[in-house]
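Read-outs: derived from the displayed coordinates by stated rules, not from any lab. Worth saying up front: this structure is predicted, and the values here are computed from it rather than measured. Every residue, glycine as well, gets a Cβ built from its backbone with ideal geometry; the counts of neighbours run over all protein chains shown.
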Amino acid sequence: MAKGPVKGSGAASPGDAPAFDPVEFAELAGVIGEDAVLDLVWIFETETTDRLQRLVAGGQDKVTLVREMHTLKGAAGIVASPRLTALGQCLEQMALRGIAPASCDLKAIEDALRVYLEAVRIRTG
């Protein structure tokens, strides 16, 4: 995976960004309610798990890879996951150059998703 600063995150690499942003999560819950946020998290978990399965299977063209990473980046931003947002951004840039994610990149997404979901569970009880 590409190394270097992640624009706007203050992190040296995507893995350095926090998996969960409790302030952003609380702000979103304040706007749409915690139940609605938990619905979004469930949808995000389902779609990200499905996305990982597609990516592991391989065979995507450049356009599909860019779309998959762009969608991950945006969805992760909505549910307050800076690390997954940063990973999506980094992998989207790689996809734009025609580089498919390596198995270690997919493992990084899987690990970040697991840590994020655990933080949400702790936050919401």
Report the extension gain between H70 and R54 in nm, rounded to one decimal, defined as 0.36 nm multiplied by the number of residues separating them, less their alpha carbon distance. 4.3 nm
Expected vector for region 66-76, Karplus 3J(HN,Hα) from phi with 6.51, -1.76, 1.60 and θ = phi - 60°, integer Hz, x for Gly and Pro, equals 4, 4, 4, 6, 5, 5, 4, 4, x, 5, 5
For region 47-64, what does the Karplus curve 6.51 cos²θ - 1.76 cosθ + 1.60, with θ = phi - 60°, yield as ³J(HN,Hα) per residue in whole Hz, taken in order and with x for Gly and Pro? 5, 5, 4, 4, 4, 4, 4, 5, 5, 5, 5, x, x, 6, 7, 4, 4, 5
Can you list the trypsin sites (Lys or Arg not before Pro) in region 45-125 that are in a DSSP coil and have 16 or fewer other beta carbons within 10 angstrom? R97
Within a Cβ distance under 14 Å of V115, other residues only, what is the Lys/Arg minus Asp/Glu net charge? -1
Using Cα atoms only, what is the angle between the long axis of helix 103-124 and the major principal axis of the chain, expressed in degrees (0 to 90) to the nearest 10? 0 degrees
